[in-house]
Amino acid sequence: MSVYTTVTTDELDAWLTRYMIGSLKELAPIAAGIENTNYFVTTDRGRFVLTLYERLPANELPFYLNLMAHLAKAGAQVPAPEPDRTGALFSLLNGKPAGLVARIDGASVHEPAIAHCEAVGEALGRLHVASQSYRARLANRRGPAWWRQMARVVQPFLTPEQRSLLADELKFQSAFGKVKLPKGAIHGDLFCNNVLFHGSRVAGIIDFGFAATDFFAYDLAITVNDWCADGDSGHALEPARVAALTHAYHAVRPLNDDERAQWPALLRAAALRFWVSRLHDLHLPRSGELTHAHDPAEFERILRDRVASSSAPQDPFAV
């Protein structure tokens, strides 16, 4: 959530006249993340997060914003977008599609405990159950075709060992998407920084900029790779945290036999997706204020571990 498009108080004041949320009191940039421009906005009637969508086409925004509204209405821990006076959930601000959501009181955790993993597993399960009744569909822009495209782009920056790992994993994942697994609207980026907590209770799931129609179990694998990796042991999965998260998820939305059989491959796919993404952001960054790129070495280590572990897979959903 770096700042690519600067917004002044005068510009925001004029834009906010389309809403019924009172007068602007404070505007503060959010210096985290890498995809969109985000600000904290405080008015005399509430506290909000303003997002200017930097990459998402305006014709795709209804998928994301209506999904959030659908999930919030269904009881998932998701902030609902704020409609303007016409009922629209976004409009142009400084040439970019922009919208508001209620600001959630809570904080992300950087070193999740067992209780945090259990809470996020349950919350993700509830999100997936709710999204099953969401009818809109949107192909995953960060899916296999994008992996292959970005792999070609970043190859000049890689060592021979890294190029070999990338080529081998792309070959292994060539059938990804062709298996028959339950799918629907997924979050696509449920890392620790995208979940806010009150104590060990999930207060809100934020940042749906990578939401898409894809496998639910792939979304779970993305989550497990971040929440359950042990940074002190090469980012191997920590069994107690994996069990807490997956059992809590499984209790809400039980995974079928095919999903369980594909679990090692899904963990590898999730690691590949973020390794390639971080390589691209590091070596070919966009210009913007407060921007920063995550270290791709973390997900290279995660991928290497998941490849090594897949030769002796364990079923994390077994009680």
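The values are calculated or read from the model by the stated rules, or taken from the named source; none is laboratory data. None of these values were measured; they are calculated from a predicted model. Quick reminder, even Gly has a Cβ in these numbers, built from the backbone with ideal geometry, and neighbours come from all protein chains shown. Heavy atoms of the whole protein, side chains included, go into the accessibility calculation; ligands, DNA and RNA do not. Shrake-Rupley method; radii C 1.70, N 1.55, O 1.52, S 1.80 Å.
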Kindly establish whether ALA113 is exposed (fewer than 14 other Cβ atoms within 10 Å of the Cβ), of a type in the set (A, V, I, L, M, F, W, C) and in contact (Cβ under 8 Å) with a residue 12 or more places away in the chain.
yes
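From the set of residues in segment 211-237 that are assigned to a loop (DSSP other than H, G, I, E, B) and modelled with pLDDT under 95, which is surrounded by the most Cβ atoms within 10 Å (Cβ to Cβ)?
Going through segment 211-237, the residues assigned to a loop (DSSP other than H, G, I, E, B) turn out to be 211, 228, 234-235.
Then keep just the ones that are modelled with pLDDT under 95; that gives 234-235.
Details: GLY234: 12, HIS235: 23.
Of everything passing the filter in segment 211-237, HIS235 is surrounded by the most Cβ atoms within 10 Å (Cβ to Cβ).
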Selection status of ASN193, in a helix (DSSP H, G or I), within 21 Å of the chain's Cα centre (by Cα) and either modelled with pLDDT of 95 or more or within 16 Å of ARG126 (Cβ to Cβ) (or both):
no
Among the candidates LEU303, LEU267, LEU284, LEU245, residue that is among the hydrophobic types (A, V, I, L, M, F, W, C), open to solvent by less than 10 Å² (accessible area, probe 1.4 Å) and within 23 Å of GLY143 (Cα to Cα)
LEU303
Hey, PHE208 aromatic (Phe, Trp, Tyr), more than 15 Å from the chain's Cα centre (by Cα) and not in a helix (DSSP H, G or I) or not:
no
Within segment 243-261, which residues are assigned to a loop (DSSP other than H, G, I, E, B) and either within 20 Å of the chain's Cα centre (by Cα) or at pLDDT below 95 (or both)?
ARG253
Residue in segment 126-159 that is surrounded by the most Cβ atoms within 10 Å (Cβ to Cβ), counting only those that are small (Gly, Ala, Ser) and in a helix (DSSP H, G or I)
SER131
The condition of being of a type in the set (D, E, K, R) and over 16 Å from HIS187 (Cβ atoms) holds, among GLU35, GLU82, GLU60, only for GLU82
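Go through segment 29-39 and give me each residue that's touching a strand residue (DSSP E or B) at 6+ places or on another chain (Cβ under 6 Å) and either closer than 18 Å to PHE208 by Cβ or at pLDDT 95 or above (or both). Break it down stepwise before answering.
Restricting attention to segment 29-39, the residues satisfying the condition of being touching a strand residue (DSSP E or B) at 6+ places or on another chain (Cβ under 6 Å) are 29-30, 36-39.
Hits for segment 29-39 are ILE30, ASN36, THR37, ASN38, TYR39.
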Which condition number in (1) over 24 Å from GLU111 (Cα atoms); (2) touching a helix residue (DSSP H, G or I) at 6+ places or on another chain (Cβ under 7 Å) is the one that ASP214 fails?
(2)
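Within segment 168-189, track down each residue that is of a type in the set (A, V, I, L, M), more than 15 Å from PHE274 (Cα to Cα) and modelled with pLDDT of 95 or more. Please lay out each step first, then the result.
We begin by selecting, within segment 168-189, every residue of a type in the set (A, V, I, L, M); these are 170, 175, 179, 181, 185-186.
Within this subset, residues satisfying the condition of being more than 15 Å from PHE274 (Cα to Cα) are 175, 179, 181, 185-186.
Answer for segment 168-189, where residues must be of a type in the set (A, V, I, L, M), more than 15 Å from PHE274 (Cα to Cα) and modelled with pLDDT of 95 or more: LEU181, ALA185, ILE186.
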